[in-house]
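Right, one structure below, let's go through it.
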Amino acid sequence: KPVIGVLALQGDVREHVAALEVAGARAITVRRPTELAAIDGLVLPGGESTTIDKLLRIFELFDPLRAAIAAGLPVYGSCAGMILLADRVLGATHDQQTLGGLDVTVRRNAFGRQVDSFESSVEMAGVPGGPVPAAFIRAPWVEEAGPGVQVLARTRHRGASGPAVPAPDAGPAAGAGEDAGRIVAVRQGTLLATSFHPEITGDARVHELFVAIVKE
Ligand code: GLN
């Protein structure tokens with residue numbers, strides 16, 4: 001079994017640990033630089049990317065993790081984790097630094113204020129068995145992806161079995177139409193990222209894809 005770490009500084013750590021175990025990995029939490037040597041892959045959970053960034057520096061994990069990613073450590077970033085993996089960030093309140101490695105530009109909190117959170121499902125390349133249930137919680141999207149980046153999933157277009165973004169409280173100008181067709185899952189080599197949280201839906205297929213990437 002591959003040993004996959006979950007960065008455990010902030011965010012929904014336990015849910016990723018559980019999903020990884022279901023997906024056939026041995027999951028351990030990671031808080032110290034020395035623990036990086038023990039893992040075959042790492043999950044960066046959702047949470048608040050600026051907080052995780054601060055904690056990465058306090059725990060002296062920022063530089064070692066950056067180096068490990070550059071050296072080829074497989075990493076799956078979900079939501080805030082996607083932001084941390086992105087080379088470029090839009091919509092940040094300050095000049096936000098990231099671990100980087102993924103040649104994408106992400107937009108933080110991209111789905112708008114009224115629509116901070118919603119559930120949907122997305123067809124995801126590399127994930128057989130039908131659409132993946134996806135929870136979007138103040139989620140980013142990928143605004144631009146470099147040539148080496150595979151787009152694995154986009155938000156639904158309305159009319160394709162239900163609204164792209166069910167947003168009961170969204171006003172007419174909330175831009176639900178603009179939320180359709182957005183890039184919400186990408187892969188570049190051994191780096192995987194999703195805007196959404198698959199770990200809270202009880203469906204471990206995205207984690208299975210990551211375990212397969214780690215095993216490759
Ligand atoms: N909005 C958060 C951020 O910008 C991400 C939210 C999440 O991880 N669910 O970091």
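Every number in this text was worked out from the coordinates using simple rules, so none of it is lab data. In this text the structure is predicted, and so the values were computed from the model without any measurement. Using ideal geometry, Cβ is built from the backbone for each residue, glycine included, and neighbour counts are taken over all protein chains shown.
Here are the criteria: (1) closer than 18 Å to residue 84 by Cβ; (2) of a type outside the set (Val, Ile, Thr); (3) without any contact (Cβ under 8 Å) to a residue 40 or more places away in the chain. Tell me which single one residue 44 does not satisfy.
For residue 44, the failing item is (3).
Enumerate the helices (runs of 4 or more DSSP H) found wholly within the stretch 47-121, keeping only those where 3 or more residues are more than 9 Å from the ligand (Cβ to nearest atom), farther than 23 Å from residue 152 by Cα and out of contact with any helix residue (DSSP H, G or I) (no Cβ under 8 Å at 6 or more places or on another chain).
Numbers: elements: 49-58, 62-70, 80-85.
Ranges flagged: 49-58, 62-70.
So, in the stretch 10-30, exactly how many residues are more than 16 Å from the ligand (Cβ to nearest atom) and under 19 Å from the mean Cα position of the chain (by Cα)?
Residues of the stretch 10-30 more than 16 Å from the ligand (Cβ to nearest atom): 17-18, 20-30.
Pick out the ones that are also under 19 Å from the mean Cα position of the chain (by Cα) and you get 17-18, 20-23, 25, 27-30.
Total satisfying the criteria: 11.
For the stretch 1-9, does any single residue satisfy the condition of being away from the ligand (no atom under 16 Å from the Cβ), under 20 Å from residue 196 (Cα atoms) and either charged (D, E, K, R) or in contact with a strand residue (DSSP E or B) (Cβ under 9 Å, 6 or more places away or on another chain) (or both)? Give the steps one after another, and end with the answer.
From the stretch 1-9, those away from the ligand (no atom under 16 Å from the Cβ) are 1-5; that's our starting set.
If we keep only those that are under 20 Å from residue 196 (Cα atoms) as well, we get 4-5.
The next check asks that each one be either charged (D, E, K, R) or in contact with a strand residue (DSSP E or B) (Cβ under 9 Å, 6 or more places away or on another chain) (or both); those that pass are 4-5.
Yes, the stretch 1-9 has at least one match.
Checking the conditions here, which among 22, 30, 6 is more than 29 Å from residue 147 (Cα to Cα) and free of Cβ contacts under 8 Å to residues at least 40 places away in the same chain?
Working: 22 fails: free of Cβ contacts under 8 Å to residues at least 40 places away in the same chain; 6 fails: more than 29 Å from residue 147 (Cα to Cα).
Sole residue among the options that is more than 29 Å from residue 147 (Cα to Cα) and free of Cβ contacts under 8 Å to residues at least 40 places away in the same chain: 30.
Select from the stretch 19-50 the residues that are exposed (fewer than 15 other Cβ atoms within 10 Å of the Cβ) and small (Gly, Ala, Ser) and list them in ascending order.
37, 38, listed by residue number.
Out of (1) within 13 Å of the chain's Cα centre (by Cα); (2) away from the ligand (no atom under 12 Å from the Cβ); (3) over 19 Å from residue 4 (Cβ atoms), what's the single condition that is false for residue 42?
(3)
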